[in-house]
1. Using packing as a proxy for protection, rank 131-139, 226-234 so that the peptide with the highest average count of other Cβ atoms within 10 Å comes first.
2. Rounded, prolate or oblate for the range 185-271? Axes are the square roots of the Cα gyration tensor eigenvalues, ordered a ≥ b ≥ c, and the cut-off for rounded is a/c under 1.5.
3. Amide H neighbours of residue 110 under 5 Å, at least 5 residues apart or on other chains, H built in the peptide plane: list them.
4. By per-residue mean of other Cβ atoms within 10 Å, what is the highest-first order of 193-203, 295-305?
5. For residue 304 and residue 214, FRET efficiency with R0 = 45 Å and r from the beta-carbon atoms, rounded to 0.05?
6. Hey, can you rank 277-283, 93-99, 252-258 by average C-beta count inside 10 Å, highest first?
7. Sticking with the crude label model, points 7 Å out along Cα→Cβ, report the distance from residue 133 to residue 154 in nm, one decimal please.
Amino acid sequence: MDQDSPCTAERELLEAVSRITTSSTTSPSDEEENQPKAEISCQVRKENPEKDDMQDSSATLSPNSSMTTKELQEYWRNEKRQCKQIKLLFEIPSTRIVEHHFSKYVMYKIIILQTGSFDSNKSVIERRYSDFEKLHRNLLEEYSEEMEDVTFPKKALTGNFTEEIINERKLAFKDYLRLLYSMKYIRRSKKFIDFLTRPELQEAYGCLRGGQYTKALEILLEVIGLQERLTRGNPSAIVPTLCAIVVCHKDLENPASAFEYGEKALTRLRVHTSHRYYIPLLETMITLAYELGKDFLSLQEKLEEWKTKKDPIRVFTLKELAVREYVR
């Protein structure tokens, strides 16, 4: 009986994986249909599968009899992880009044965290009323129909800095962000993502261009987690940030960390070899691999293979590309 137990465990895992895969192809139940589609990542894939989502899922292990028990367990974990709720929550717990020269305004502290599991990597940003106002105006230009029932807190002629008005706006902006995120096309839009990430990225790249690599790296590491949450359906969207982190680590003489983030970027470019960062990243990774005593021949082969397929063109270095990002 002891000899049969590993086989029994493998059969049970196979059956469980089979149930998971079968359920993902069947029509959703009434309960699932009533859930907001913005909340379930696997439902979004079924209703409107995007190219990058399909590419990501193709890299997942497929359940078959040749898989080991360990591989089946990993596959099962991946399937469960993909079907977890990925809804983001927006909280505005506090504010601060800023007085700068002749101007005075309120900064709203926004905490963004993910539901469905304990989120230790919450993101914290600050925005002022004019930032929200600009976002609303930009979204109305492109999504007038979707924004038809979205209300925006109006400016008050007086009393903008009273506790009552500030507390009202805290609640209003919290509901406003929640509502925008619930609309698929808006939460995936560049304008919405830029509102949540661009100011921090601009500051980080400004530090990078000024040679302040430690400060740039600190900001980039804070914003990369939020970028990943906001661009789940587009893996290559965070490649520039990952490459900027590589540049910072490399210039700070942390080759192992630079190589680690370079691998993450290459993974996201595995089907995007025409991406402007692909060749500069490959060249940097070859240098890092050689320095670290890692296998650089496979990277060199990819580089040579790309060169034989493409016409020779001037390619910037990874650092040259990074310093050009977010230049006003």
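1. Peptide ranking by packing, descending: 226-234, 131-139.
2. oblate
3. Here 125, 126, 127 satisfy the definition.
4. 193-203, 295-305
5. 0.80
6. Going from most to least packed, we get 277-283, 252-258, 93-99.
7. Result: 1.4 nm between the two label points.
All of the numbers you see were taken from the coordinates with simple rules; none came from a lab. Please read all numbers here as calculations on a predicted model, not as lab measurements. Please note: Cβ atoms are built from the backbone with ideal geometry, for glycine as well, and neighbour counts cover all protein chains shown.
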